[in-house]
1. Dipole of the chain, Cα-centred, from +1 at each Lys and Arg C-beta and -1 at each Asp and Glu C-beta, to the nearest 20 debye?
2. Suppose only helical runs count, i.e. DSSP H with n ≥ 4. What mean residue ellipticity at 222 nm does that imply for the chain under -39500 (n - 2.57) per run, divided by all residues and rounded to the nearest 500 deg cm²/dmol?
3. By the 4.7 Å beta carbon criterion, which cysteine residues of the chain come out unpaired?
4. Would you be so kind as to identify which of 219, 294, 265 lies farthest towards the positive end of the dipole of segment 178-295, taking Lys and Arg as +1 and Asp and Glu as -1 on Cβ and the Cα centre as origin?
5. How much net charge surrounds residue 447 when only other residues with a Cβ under 9 Å from its Cβ are counted (Lys, Arg +1; Asp, Glu -1)?
6. Could you give the DSSP H helices of the chain that reach 20 angstrom or more along their long axis (alpha carbon positions) and whose average Kyte-Doolittle hydropathy is no lower than 0.5?
7. Counting only other residues whose beta carbon sits under 12 Å from that of residue 160, what net charge do I get with K and R as +1, D and E as -1?
8. Note down the magnitude of the dipole of segment 105-179 about its Cα centre, charges +1 on Lys and Arg C-beta and -1 on Asp and Glu C-beta and zero elsewhere, to the nearest 20 debye.
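Bear in mind these aren't lab numbers, they're just calculated from the coordinates by the rules spelled out. Quick caveat: nothing in here was measured; it's all calculated off a predicted structure. Glycine also receives a Cβ, built like all others from the backbone with ideal geometry; neighbour counts cover every protein chain displayed.
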Amino acid sequence: MVNESVDVAIIGAGPGGYSTALRAAELGKRVALIERDSTLGGTCLNRGCIPSKALITATRSIQTVRFARQLGVNASVDDIDFSVLRGYRRRIVDTMVKGLTGLVAARGITVYHGAASLEPDHTVHVVPSPGLDHVEIVTQAQTPRPVSRDESIAAHDVVIATGSTPRQIPGAPFSGGLIDSTQALAMDQFPARAVIVGAGAVAVEFASMWNAAGCKVTLLIRKDSVLSHGDRRSAVTVTRELKRQGVAIIDHAHVTGVETGVNLGATVHYTREDDGAQDPGGERTVYGEVVLAAVGRSPLTGDGWFDAAGIRKTASGLVQVDAWGRTNVDGVWALGDITPGPALAHRAFEQGITIAETIAGLDPPAVDMDTIPHVIFSTPEVASVGMTIDAAQADGAISNVRETVYPMLANSRVLMEGSTGSMSIISGERADDPGTQTVVGVHIVSEHASELIAEAEQIVGNRIPLRKAARLIHPHPTFSEAFGEALLKADGRPLHTR
């Protein structure tokens, strides 16, 4: 029996799910948002982006104090009060969750806390989450109402945003000292010695954060640099900086097993390759109080109802969608970590807005993956948007590809911060606009790169010609001035660089 009928039912209240709900409700749709957890926000808000950046903010304070000595400011870090730090992290998360909950209620969205599945008749069935005996309903009054029975929701459109979970190292399930990112963020104090397996954003951010807090970090990576799937120059720069800061990086490493016994900690067994040939030294080991497996995330699409509903997936379990989020099943949409593309909260935001507007008949533009910025909150930060030099050169629709490199130490504010880094601007002539150099990619390794990349996103996404992008001068002296100077250099008019 159907208990409620809505225009849009959304399974999952992470960034993709709640952005869809907020925009659809804004457009006058009646929306039901179903979340298995007791709070809204998904992994990003509760167990990922927000708590990790709160801790990164704290550890950067330690680095600031250390750098202050070089400026004649005699300050020191005596110790870390982990109870206060834990309270700070929880307070940030709680504040954000309460704000989101209030916003959802203000838009008139009905929230169901329970485990959802899509039935063949296009209804959404909600049962109690594991460990609970009832489904909880929260309406605009924000007063939770427990429902002892199952709920069935009829919806014209169903949006699936079930998210992802940390991937295990093959043959090494999480247990004891072998932990995932969620467990790492929940630790009451930083480890003294840690091993991180992985080379992506999560691995690099934890390596920077723990190292800044005084932890002895060993990073095991499979290739010769971290972030090897992105811009090559950025990858080499941040790898060098991590080493300079004291992170031990073991490259070309292949983990063969992780030993976790009754004692604290874990031992990683690995082999190394040298120029493609197996290292004759054989198997090696490295020990850590904790071993963080940061080898990616797996989409939460394994429940049987995905197949029962006829939803088409890739071999890796990702839901196949078009650029507007449509699946192969009429009236069923998907977004976020369960769809092909970068697992980024802000990509899910754009997907959610696009899906809601498409459902409402507004004909929004398709989501363009080349305009989704990538940011890693390491020290220094890494940010990029658009094409790498290799991708641009391989694209038959772009000719006369150029790469302009700007050294961040040429910027006065970067110099004052005692930092370093680089910026690369990729430009070329598009087939539909021959003779005009256009910025097609920007890659930054620098303090505040996460803030600088927003301007680059506008230039790349709106296909602004290089000459126009370089025309407006940036305020002096600022970090943003570095981007303006890089644009001038790319346009053949360098000011403070050669």
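1. Numbers: 44 positive and 55 negative charges, 263 e Å.
Once rounded to the nearest 20, the dipole reads 1260 debye.
2. When only DSSP H runs of four or more count, the value is -9500 deg cm²/dmol.
3. Cysteines lacking a close Cβ partner in the chain: 215.
4. Checked the options; the winner is 219.
5. Result for the local shell: -1.
6. Flagged H segments are 49-68.
7. Numbers: positive: 313, 326; negative: 157, 303, 337.
Value of the local net charge: -1.
8. 300
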